[in-house]
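**Student:** Let me give you the structure first, and then I'll get to my questions.
The values are calculated or read from the model by the stated rules, or taken from the named source; none is laboratory data. What you are looking at is a predicted structure, and each value in this text was computed from that prediction instead of being measured. Every residue, glycine as well, gets a Cβ built from its backbone with ideal geometry; the counts of neighbours run over all protein chains shown. The area values use the complete protein model at the heavy-atom level, side chains included, leaving out ligands, DNA and RNA. Shrake-Rupley method; radii C 1.70, N 1.55, O 1.52, S 1.80 Å.
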Amino acid sequence: MDPSRKRRIRLVVALTAAILLASALVYTSFSASSASVSPSGLLRSAGAGRTYQLTGKVVDGSIRRTGDRTDFRVRDRNGGASVAVRYTGEVPDPFRDGREVIVTVRKQGDGFVGERDSLVTKCPSKFSDKQQA
Amino acid sequence: MAQVGAGCLILALATCVYGIGASLYGAATGRGQWVASGRRSVYALFLLAAAAFAVLEVAFLRSQFEFAIVASHSSTTTPPLYRAAAAWSSQEGSLLLWLFLLGLWSSLALFLTRRRLRDVVPYAQAVLLGFGAFFAALLVFAANPFETAALAPSEGVGLNPLLRYPAMMIHPPMLYSGYTLFAVPFAFAVGALVVRRVDAEWITATRRFGLAAWFFLGVGIILGARWSYAELGWGGYWAWDPVENASLLPWLTGTAFIHSVMIQEKRGMLKVWNASLVLTTGILAVLGTFLVRSGILDSIHAFGASTLGVPFVTLIALMIVGSLYLVVSRRDALRTEHRVDSLLSREAAFLGNNVVLVGLAFVVFWGTFFPLISEAVTGQKAAVGPPWFDRYTVPLALVLVLLTGIGPVIAWRRATWANARRAFALPAAAGVVTLIALLALGVGASVTSLIMVTLCAFAIAVALQELWRGTAARRAMSGEPAPLALVSLVRRNRRRYGGYLVHVGVAVLFIGVAASSAFQHAQDTRLQVGQSTRVGPYDVRYVRATSGIDVRAGDVERIRFGTVLEVTMDGRHVTTLGPDRSYYPSQAILAFGPVGRYFEGEATSDVGLKAGPLRDIWTAVQPDTSRLQPLIDKGDRLLERTASRLTPRQRSILLAQILGGLVSRYAQDPPPAQFRFLASPLVSWIWAGGLLVFAGGLIALWPAADAARRRARAGYAARVARELGRA
C-alpha cells in the first residue's frame, strides 16, 4: 500500500478511536456525577433515590453523636436554610461547628443520609484569609 | 523590618519590568549588553526575593506578631521547625516562596545558558521575568506578606495542627520547585518558537530543568500522599481531590515531555508535539497554582482569597492564546524530519506512551473541572467521584505499564521478530510466572490487580535484564568485577539507567497501589476497654486508654487522648499499637472558656501504624470526650472565680493542673471510643517505589562526569583562544 495512504488510514483510525473514547468519557461524566447543591437547593428540589453532593456549613451546636452515628445540620454558606444529615462512620479530624463540609447525601424521610466515607471537611487555615476564631 | 521586605518586593517588580524591556530591546537591536543586563535582572530578582523571604522567615522564627500573617499562622507554642514552615502555609508566604524559587531556578538556567542559544535566550529571559513580574505584582498589590498591625497581639493563632508533620514542611517547596522549574523549558520553548529555531538545541539546554521539575513535583506528590496516609485519619493516600489533581496534571504532561524529547533529539520528529506539550505543561503548572487559591472548585482545602482569581485567569488566558499563536504560526518550521516507519518501533512505543499520558491528563482534567463544565452546560454544578476517575485511569495505567516495559528495549525505526524475541522472551516469561504464582496463591479475586501485577513484573524484568546485559557486556570489555562494571555502566549513561530505575520504581509503586486498593480490609467500630474486633486476619483488642498534656513555652500546647491496642493473629502477638488524638486550643476563649477551648479547637489523629513489607496495620481513634463536659465546665468556673486573684503565670499553672486532672480522669474511666482499622497489603511498596523513583531521578539528574570534563576542556580551550587572539 502507498505509505502516505497507509499513514492517512492510521490517522483516521486513531482519531476515530480517540473521539469515541472522549465521547464515552463525556457521556459517563454527565450520567455518573452527583449534583452539587446547597441546603436551600436541596430543600427546593430533592428527589428520592438520587444522590447529591451537599456543600455548606455545619450549624453551630447541631452535632449529636450516638455510637458511631453523627447527626448534624448543614446550612447555606450565607443564609439560614438548613437540612438534617445523619452520617455513620468516622468524621474527619477538622469536623466542627461552623466548618465548611462536602458530603454525598440521599433523601430519606424528612432528612438526608450521608454516604459512608464521603464527608470531607475543608482544611480551615491553608491559604484562607482569616482563621476562624 | 516589614518595610525592608515590602521594599524588596517593590524593587523586584521594578527589576522584572526593566529586565523584560532590556531583554526585548537587546533582542530587537542585537545589542548583547542589553541582553546581559536583562539576565542580570533575573539574578537581581532572585537576590531581592531571597532577601524578602529571609525577612519573612526571621519574623516567623522570632514570632513577631506585628506581622499580620505571623499572627494568623504561627504562635509561640508552634515548634520552631514548624514555625519556619508556617511561612508558606499562608497565601502570601506561599506566593513569595513561588517568586523566590522562580528567581532561583531562572537564574541557574540563564547562568548555564549564558554562552548558548544567543538568539533564544533574550525571549526566554523576558518570559521568565514576565512570570516574576506577575507574582511580584500580586505580592505588592493583592497579597502583601509584610502587612503589619499597629497593635501586635501577644500570641498568634498557630500553625494548623494538621500541617505539623515532617513531610508537610517540605511538600510545598517541592511542589513549587516543580512548578517553577517547568517555567524554564516553557520560557525556552517560547523563545525558540519566536525566533523559529526549533531544532533540538533548546531541548538539550533545558532538558535537565524539565527533568528536575518532574522530579521535584513527583517528590511533592508522594510526600502529600504520605501525609494523607499518616496524618489525616482516614487511611487513604489519594482521593482525586482537585488540589491533588492540580499537581498531577503538569506531572503527567511533564512525564510525556521528558520521554518525547528523546524522539526529537534522536530523529528530529514530534516537534509540534513537544512544543505543544511543554507549553501545555507550563500552563498547567500555573493553573495548578491558581486552582489551590481560587476557590472555584469544592475541595478539602478551603481557600479564602478569591481576589486572585481575575489576575490568574488573565495570565492563563494570555499563556494559552500566546502558545496557540506560536505553535500555529510556526507550524512550517516545526515540520518533522522523519516519520514513524513501523508501529513496532521505539518511536511508536514512545508515541503510545505519550498518548496514554496525555489521555490520563485529559481524564484528570475533565474530572477535576467537571463541576465548572457541568454548570456551563446544564446550569447545575455536579461532581464526579473516585469511581469515575478509576474507571478511566486504571485501564490507561495498565497500558502505560505495558509500554514502560516495551519502550526501553524495542528497536528504533523497525523492530524485527528476532529483535523482539531477544528483548522480550525473558521479561514475558517473568510476567507469566508471576501470573501463575499469583493464581496459585489464590490472589485471583481482582482481575485488574492481577493484570497490573503481571505487567509490572514484566516491566521490572525488562529493566533488570537491560542492567544485567549492560553489566555483562562491560565486564567482557573491561574485565571489571560485576559491581564496578554496573557502577561504570550507570555512570556512562545516567539518563538511560536512571530512567530504568525510575521504571522499576513506578512498577513497584503500581503493585502497591493495586494490592492495597483491591485487598484492603477496613473496619469502623466502637469498642470499650477489653473488647476485640476482627480486621482481616487480625484480632485487635482495646487494652487500655491513655492520655497526656504537652507543655511548650509555659503553655499547654495540646492535650492527648489515646489507646493501647494489642494486635494478634491466631492467638499469636503481632504488635502493640497506640493511636491517639491531639486537641489544640481554639482561640475563642470567651466563647468556650479557658478549659473548654481545648475541646473545641483543632484535633488531629496520630495514627497507630505497624508498617511491614507485606502488610500495614493502620489504626485511628476518635475518643468520646462528651462525658468530661461537667468537669470542663467546673474547671472553667474555677478559673473564672480565681481570675482576679492569680498572676498570669499562676493561671497557666492552674490551667495545666485542671487539664492534667481531666485527662487522667479520662484514662482511668474511659468511655467507648470509635476506631477505624485497616489491614492493607503492600502499602510499603508505594513508598519504596517512590524512593526508587527518586533515586533513579537523582541518577538521571546528576551531572555526568564526562560532561563536566567537557565543559572544563571547552573553558580551557576558550581561554587559550582568547590568549592567542590577544597575542
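**Student:** B:Ala418: more than 24 Å from the chain's Cα centre (by Cα), under 30 Å from A:Asp117 (Cα atoms), surrounded by fewer than 16 Cβ atoms within 10 Å (Cβ to Cβ) and of a type in the set (A, V, I, L, M), yes or no?
**Tutor:** no
**Student:** If B:Leu631 satisfies all but one of (1) more than 14 Å from every other protein chain (Cβ to nearest Cβ); (2) touching a residue at least 40 places away in the same chain (Cβ under 8 Å); (3) in contact with a helix residue (DSSP H, G or I) (Cβ under 7 Å, 6 or more places away or on another chain); (4) assigned to a helix (DSSP H, G or I), what's the number of the condition it fails?
**Tutor:** Status for B:Leu631: all satisfied but (2).
**Student:** Which of the residues belonging to segment B:608-624 are open to solvent by 30 Å² or more (accessible area, probe 1.4 Å) and within 14 Å of chain A (Cβ to nearest Cβ)?
**Tutor:** Matches in segment B:608-624: B:Asp624 only.
**Student:** If you don't mind, there's one more thing I want to ask. Residue check: is B:Val462 closer than 16 Å to B:Gly405 by Cα, among the β-branched types (Val, Ile, Thr) and part of a helix (DSSP H, G or I)?
**Tutor:** For B:Val462, the condition - closer than 16 Å to B:Gly405 by Cα, among the β-branched types (Val, Ile, Thr) and part of a helix (DSSP H, G or I) - is met.
**Student:** Within segment A:51-63, count every residue that is in contact with a strand residue (DSSP E or B) (Cβ under 7 Å, 6 or more places away or on another chain) and either of a type outside the set (S, T, N, Q) or not in a strand (DSSP E or B) (or both).
**Tutor:** 8
**Student:** Same structure, new question: Of all residues in segment B:378-405 being among the aliphatic types (A, V, I, L, M) and open to solvent by 40 Å² or more (accessible area, probe 1.4 Å), which is farthest from A:Ser36 (Cα to Cα)? Even if it seems obvious, please write down each step before you answer.
**Tutor:** Going through segment B:378-405, the residues among the aliphatic types (A, V, I, L, M) turn out to be B:382-384, B:394, B:396-403.
Within this subset, residues satisfying the condition of being open to solvent by 40 Å² or more (accessible area, probe 1.4 Å) are B:394, B:396, B:399, B:402.
Values: B:Val394: 25, B:Leu396: 28, B:Val399: 33, B:Leu402: 37 Å.
It comes out as B:Leu402.
**Student:** Of all residues in segment B:363-397 being facing chain A (nearest Cβ under 7 Å) and among the hydroxyl-bearing types (Ser, Thr, Tyr), which is farthest from B:Val513 (Cα to Cα)?
**Tutor:** B:Ser374
**Student:** Does A:Gly61 satisfy the criteria of being away from chain B (no Cβ under 14 Å) and on the phi > 0 side of the Ramachandran plot?
**Tutor:** no
**Student:** In segment A:77-103, what residues are more than 14 Å from every other protein chain (Cβ to nearest Cβ) and either modelled with pLDDT of 85 or more or under 26 Å from B:Pro585 (Cβ atoms) (or both)?
**Tutor:** A:Ala81, A:Ser82, A:Val83, A:Ala84, A:Val85, A:Arg86 - these are the residues of segment A:77-103 that are more than 14 Å from every other protein chain (Cβ to nearest Cβ) and either modelled with pLDDT of 85 or more or under 26 Å from B:Pro585 (Cβ atoms) (or both).
**Student:** So, of the residues in segment B:677-686 that are closer than 12 Å to B:Gly612 by Cβ and in a helix (DSSP H, G or I), which turns out to be most open to solvent (accessible area, probe 1.4 Å)? Break it down stepwise before answering.
**Tutor:** Filtering segment B:677-686 for residues closer than 12 Å to B:Gly612 by Cβ gives B:679-685.
Next, only the ones that are in a helix (DSSP H, G or I) stay: B:683-685.
On the way: B:Val683: 1, B:Ser684: 28, B:Trp685: 85 Å².
Only one residue tops the list, namely B:Trp685.
**Student:** For segment B:79-116, how many residues are in contact with a Lys or Arg (Cβ under 8 Å, 6 or more places away or on another chain) and outside any helix (DSSP H, G or I)?
**Tutor:** Summing the residues that are in contact with a Lys or Arg (Cβ under 8 Å, 6 or more places away or on another chain) and outside any helix (DSSP H, G or I) in segment B:79-116 gives 2.
**Student:** Of the conditions (1) facing another protein chain (nearest Cβ under 10 Å); (2) open to solvent by less than 50 Å² (accessible area, probe 1.4 Å); (3) not hydrophobic (A, V, I, L, M, F, W, C), A:Ser31 clears all except one; give me its number.
**Tutor:** Failed condition: (2).
**Student:** Quickly run through segment B:540-594 and pick out the residues that are assigned to a loop (DSSP other than H, G, I, E, B), free of Cβ contacts under 8 Å to residues at least 40 places away in the same chain and within 14 Å of chain A (Cβ to nearest Cβ).
**Tutor:** Selection gives B:Pro585, B:Ser586, B:Ala588.
**Student:** For segment B:323-335, which positions are open to solvent by less than 30 Å² (accessible area, probe 1.4 Å) and in a helix (DSSP H, G or I)?
**Tutor:** Scanning segment B:323-335 gives B:Ser323, B:Leu326, B:Val327.
**Student:** Quick check: is even one residue across segment B:139-151 assigned to a helix (DSSP H, G or I) and buried (at least 24 other Cβ atoms within 10 Å of the Cβ)?
**Tutor:** yes
**Student:** In segment B:636-660, what residues are open to solvent by less than 100 Å² (accessible area, probe 1.4 Å) and within 17 Å of B:Phe599 (Cβ to Cβ)?
**Tutor:** Residues satisfying the conditions are B:Asp636, B:Leu638, B:Leu639, B:Leu655, B:Ala656, B:Ile658, B:Leu659, B:Gly660.
**Student:** If you don't mind, there's one more thing I want to ask. Please count how many residues of segment A:43-52 are surrounded by 15 or more Cβ atoms within 10 Å (Cβ to Cβ) and either more than 12 Å from chain B (Cβ to nearest Cβ) or at pLDDT 85 or above (or both).
**Tutor:** Of the residues in segment A:43-52, 2 are surrounded by 15 or more Cβ atoms within 10 Å (Cβ to Cβ) and either more than 12 Å from chain B (Cβ to nearest Cβ) or at pLDDT 85 or above (or both).
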